[in-house]
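**Student:** First, the structure itself, so that you have it in front of you.
The values are calculated or read from the model by the stated rules, or taken from the named source; none is laboratory data. Not measured: the values here are computed from a predicted model. Every residue, glycine among them, receives a Cβ derived from its backbone with ideal geometry; neighbour counts consider all protein chains shown. For the accessible areas, the whole protein counts, side chains as well, though only heavy atoms, and no ligand, DNA or RNA atoms are used. Shrake-Rupley method; radii C 1.70, N 1.55, O 1.52, S 1.80 Å.
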Amino acid sequence: MDQKLVVAIVLVILTSATADYVRPKPRKTLDFPWKPRGLSQPQQVHISLAGEKHMRITWITDDVNYPSFVEYGTSPGKHTSLNRGESTSYSYLFYSSGMIHHTVIGPLEDDTVYFYRCGGKGPEFKLKTPPSKFPITFTVAGDLGQTGWTASTLDHIGRCSHDMFLLPGDISYADYQQHRWDTFGELVQPLASARPWMVTEGNHEIEIIPFFKAGFQAYNARWKMPFEESGSNSNLYYSFEVAGVHIIMLGSYVDYDEYSDQYSWLKADLLKVDRNKTPWLIVLFHAPWYNSNKAHHGERDDMKAAMEPLLHAARVDIVLAGHVHAYERSKRVNNGRSDPCGTVHITIGDGGNREGLARKFKDPQPEWSAFREASFGHGELNIVNATHAFWGWHRNDDDEPVRSDQVWITSLVSSGCLAERNMNLGRFSWHLRKENLLTTL
Ligand SMILES: *[C@@H]1O[C@H](CO)[C@@H](O)[C@H](O)[C@H]1NC(C)=O
Ligand SMILES: [Fe+2]
């Protein structure tokens, strides 16, 4: 045979065999320009919801005497309102943080652009408050870090017109090197100063030093979430409501057994959910309960055993988790099997951190697993109305977002599962009153 023809045939075979996406290697941690301390401008600005119609503006200054106030208004340059806040700082080994300011602004109009400035100096920032009604769009990615892949993920999130970003843990990958929290804050400022970033903690936020440093010091100081506003006594678990969605953030690294504070708070919070007001119920935590990847397999089975009956009784629509550096979506599941009144579990720990991908999935794919792929990427959850949401997962295919998984999710409100839920929750509150304990549902 003609040699050229053989080469051509071989090439055709090769290209069709490699038409599959080639899994990329981890990318290096980004280089950040060195900045002298003592800059007078606010840095690392990010915002988060702080109760109904309020937003917490978090920002850092090197100057410890910097005043903690934020001026804001609905036209650029015209700051008609001013709110004062609080500030904190922390030391960690040889590191001393700047002044971390938390200023809650509001009441704010829904779905409205505000212009704001921190501490009377520095640049003006622009935010948009979330809508009060459907539709609402969330972007989602866990295990972000601060590498070249993180930059790609953030770029794609920025291209999606969204109302809020949800992060199921493992944020900066500072891993004890506290200045990395600062570089991360700078990296995400363009997005995080414009839309609320609602986060929960992962194992990389713990940063405990036995007998010397308690856990979550940097996380709690820098990423204050609306826990007081939601009746929680810990920044490590809380809830909030936005546009017909009740979202609960849980902690995978804080006690979760049935005698724990977190468990009691979760029960109380679930009892408050009114599905007429918030037809959608979504929960986030770091370590997934439904995971067929070899990485972190079964790691939080005890948390699942303790809390899944509660989430199931409350008819949670969607759980978003991270930790595993890959993507996986389940069917509606409960207690290890598909169940029409169960929860869709999505693992999305694929933000692009320096540890790279978790490529090995278990074979065969479990019955409950609907889709799985080891790639970096992000998710987009567009809740269209009380009954329909469109979920899309986009991989960072050579730096272009490519939608690899997509599905319409119908809420449990529309499924007939809710009548049974009310019965369960009735028994559930009976238990709560009678014995302050829930064992069976
Ligand atoms: C909700 O959205 C879905 C998908 O767009 C649509 O088919 C359905 O009719 C909508 N429901 C209502 C009550 O508008
Ligand atoms: Fe993790």
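**Student:** With the condition kept exactly as written, say whether any residue in segment 329-349 is more than 23 Å from Leu311 (Cα to Cα) and either modelled with pLDDT of 95 or more or surrounded by 23 or more Cβ atoms within 10 Å (Cβ to Cβ) (or both).
**Tutor:** Our first condition is that a residue be more than 23 Å from Leu311 (Cα to Cα); within segment 329-349, this holds for none.
Scanning segment 329-349, I find no residue that is more than 23 Å from Leu311 (Cα to Cα) and either modelled with pLDDT of 95 or more or surrounded by 23 or more Cβ atoms within 10 Å (Cβ to Cβ) (or both), so the answer is no.
**Student:** Restricting the first residue to segment 388-402 and requiring it to be part of a strand (DSSP E or B), which pairs with a second residue that is away from ligand 1 (no atom under 16 Å from the Cβ) and of a type in the set (D, E, K, R) meet a Cβ separation below 6 Å and a spacing of at least six or different chains?
**Tutor:** Gly392/Arg403; Trp393/Asp405; His394/Arg403; Val402/Arg395
**Student:** Going through Asn291, Asn353 one at a time, which residue ends up being under 21 Å from Ser252 (Cα atoms), within 16 Å of ligand 2 (Cβ to nearest atom), within 19 Å of the chain's Cα centre (by Cα) and modelled with pLDDT under 95? Walk me through how you get there before you give the answer.
**Tutor:** On the way: Asn291 fails: modelled with pLDDT under 95.
Going through Asn291, Asn353 in turn, the sole match is Asn353.
**Student:** Any residue in segment 299-306 that is surrounded by fewer than 24 Cβ atoms within 10 Å (Cβ to Cβ) and touching a Ser or Thr at 6+ places or on another chain (Cβ under 7 Å)?
**Tutor:** Taking every residue of segment 299-306 in turn, at least one turns out to be surrounded by fewer than 24 Cβ atoms within 10 Å (Cβ to Cβ) and touching a Ser or Thr at 6+ places or on another chain (Cβ under 7 Å).
**Student:** If I ask for residues that are within 16 Å of ligand 2 (Cβ to nearest atom) and open to solvent by less than 40 Å² (accessible area, probe 1.4 Å), which ones from segment 176-205 would you list?
**Tutor:** Correct list: Phe184, Val199, Thr200, Glu201, Gly202, His204, Glu205.
**Student:** Taking into account only those residues within segment 163-175 that are in contact with a helix residue (DSSP H, G or I) (Cβ under 9 Å, 6 or more places away or on another chain) and not polar (S, T, N, Q), which is most open to solvent (accessible area, probe 1.4 Å)?
**Tutor:** Asp175
**Student:** Regarding segment 211-229, can at least one residue be identified that is open to solvent by 10 Å² or more (accessible area, probe 1.4 Å), aliphatic (A, V, I, L, M) and within 16 Å of ligand 2 (Cβ to nearest atom)?
**Tutor:** no
**Student:** Exactly one of (1) within 15 Å of ligand 2 (Cβ to nearest atom); (2) over 16 Å from the mean Cα position of the chain (by Cα) is unmet by Val324. Its number?
**Tutor:** All conditions are met except number (2).
**Student:** In segment 343-365, is there at least one residue being among the acidic types (Asp, Glu), assigned by TED's automatic domain parsing to the domain that holds Thr410 and part of a strand (DSSP E or B)? Explain how you work it out, then say what you get.
**Tutor:** Step one: filter segment 343-365 for residues among the acidic types (Asp, Glu), giving 350, 355, 363.
Remaining after also requiring assigned by TED's automatic domain parsing to the domain that holds Thr410: 350, 355, 363.
Within this subset, residues satisfying the condition of being part of a strand (DSSP E or B) are none.
Scanning segment 343-365 turns up no residue that is among the acidic types (Asp, Glu), assigned by TED's automatic domain parsing to the domain that holds Thr410 and part of a strand (DSSP E or B).
**Student:** I'm told Thr80 meets every condition in (1) farther than 21 Å from Asp163 by Cβ; (2) touching a residue at least 24 places away in the same chain (Cβ under 8 Å) except one. Can you identify the failing condition by its number?
**Tutor:** Against the list (1) farther than 21 Å from Asp163 by Cβ; (2) touching a residue at least 24 places away in the same chain (Cβ under 8 Å), Thr80 comes up short only on (2).
**Student:** Pick from Ala221, Ala214, Ala174, Ala194: which is on the phi < 0 side of the Ramachandran plot, touching a His at 6+ places or on another chain (Cβ under 8 Å) and assigned by TED's automatic domain parsing to the domain that holds Arg354?
**Tutor:** Exactly one of Ala221, Ala214, Ala174, Ala194 is on the phi < 0 side of the Ramachandran plot, touching a His at 6+ places or on another chain (Cβ under 8 Å) and assigned by TED's automatic domain parsing to the domain that holds Arg354, namely Ala174.
**Student:** Pick from segment 370-379 the residues that are outside any loop (DSSP other than H, G, I, E, B) and surrounded by 22 or more Cβ atoms within 10 Å (Cβ to Cβ): which of them is farthest from the chain's Cα centre (by Cα)?
**Tutor:** So the residue we want is Gly377.
**Student:** Looking for something in contact with a Gly (Cβ under 7 Å, 6 or more places away or on another chain), among the hydrophobic types (A, V, I, L, M, F, W, C), touching a residue at least 24 places away in the same chain (Cβ under 8 Å) and farther than 20 Å from Ser234 by Cβ - is there at least one such residue anywhere in segment 263-285?
**Tutor:** Among the residues of segment 263-285, at least one is in contact with a Gly (Cβ under 7 Å, 6 or more places away or on another chain), among the hydrophobic types (A, V, I, L, M, F, W, C), touching a residue at least 24 places away in the same chain (Cβ under 8 Å) and farther than 20 Å from Ser234 by Cβ, which makes the answer yes.
**Student:** Got at least one residue in segment 82-97 being assigned to a strand (DSSP E or B), more than 22 Å from Trp181 (Cα to Cα), open to solvent by less than 30 Å² (accessible area, probe 1.4 Å) and not assigned by TED's automatic domain parsing to the domain that holds Gln217?
**Tutor:** no
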